[in-house]
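Here's the structure, in structure tokens; my notes come after.
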Amino acid sequence: MTVPILTSIVAGYFMGNLMASYLVAKWVMGYDIRNHGTGNAGGSNSFLLMGWKNGLIVGIIDILKAFIAVYIVRILYPNHAELPLLMTIAGSMTVIGHIFPFFMGFRGGKGMACFMGLCFGINGLLGLYCILFVTIMTIITDYVAVGSIIAYIAFPIFLACYPDIFFNNPEQVYNPYIVTMGLVVSIVGIWKHRNNISNLINKKETGLRQVLKEKSK
């Protein structure tokens, strides 16, 4: 394993382990967020338990984690022949680190905010599109999970079919290693949403409008 690849893995996973939801919940509410609400250590559960302001703070930090991980690689290896792969590894490992944080017994969040940060770090415009897509899908369907699941499904497909657009480089071609990383993130992210998928099928998933209605009381 080359040093750049190892650096990308370590930097990404380390950044992913910085769990804002856990730390903010401990500071604001005095408890482990994983034992309340949906039991998920992420932005959605933070919003549900601590309100939109704290939820927004958590979401922004989670986006920044992957964004910073990608930029660490950009700074360290700006002229590396495999920079697209290194950026993908760093961002993907941030998502994995967020979902499976070592210091929290591998019980983390669902990784969507980090996924957005991954996209932002590699291609800012694409990252913006990702956020808009998930937001619009949430408004249309009333479920955050729907947009997140679709985004995870689309990720490896986009990497395989449109690598030039994703990396904002017309010379970028299909890379099996990059697509493999995309598949790993996609599979893990969808697996993390397994309860949401089950609830959606059984019509038991809590909608955003219901949460907002309860919060306004």
Inset, instruction - Answer with yes or no whether Ile149 is assigned to a helix (DSSP H, G or I) and either touching an Asp or Glu at 6+ places or on another chain (Cβ under 9 Å) or open to solvent by 60 Å² or more (accessible area, probe 1.4 Å) (or both). - result: no
Legend entry - Flag if Ala160 is in a helix (DSSP H, G or I) and without any contact (Cβ under 8 Å) to a residue 12 or more places away in the chain: no
Legend entry - Test for Met87: is it touching a Gly at 6+ places or on another chain (Cβ under 8 Å) and over 20 Å from Leu183 (Cβ atoms): no
Inset, instruction - Take the stretch 105-121 and flag every residue that is more than 16 Å from Val73 (Cβ to Cβ), open to solvent by 10 Å² or more (accessible area, probe 1.4 Å) and more than 10 Å from the chain's Cα centre (by Cα). - result: Gly105, Phe106, Arg107
Legend entry - Checking Gly124 against (1) open to solvent by 30 Å² or more (accessible area, probe 1.4 Å); (2) closer than 17 Å to Gly39 by Cβ; (3) of a type outside the set (A, V, I, L, M), the condition it does not meet: (2)
Legend entry - Odd one out for Ala41 among (1) modelled with pLDDT under 90; (2) open to solvent by 20 Å² or more (accessible area, probe 1.4 Å): (2)
Legend entry - Number of the condition not met by Thr206 [criteria: (1) crowded, with 16+ Cβ neighbours inside 10 Å; (2) part of a helix (DSSP H, G or I); (3) modelled with pLDDT under 90]: (2)
Inset, instruction - Out of Ile75, Ile89, Ile61, report the one residue that is open to solvent by 10 Å² or more (accessible area, probe 1.4 Å), over 23 Å from Ile165 (Cα atoms) and β-branched (Val, Ile, Thr). - result: Ile61
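The values are calculated or read from the model by the stated rules, or taken from the named source; none is laboratory data. Since the structure is predicted, the reported quantities are computational estimates derived from the model, not experimental observations. With ideal geometry, Cβ positions are generated from the backbone for all residues, glycine too; neighbour counts draw on all protein chains shown. Please note that ligands, DNA and RNA were not included when accessible areas were found on the heavy atoms of the full protein model with its side chains. Shrake-Rupley method; radii C 1.70, N 1.55, O 1.52, S 1.80 Å.
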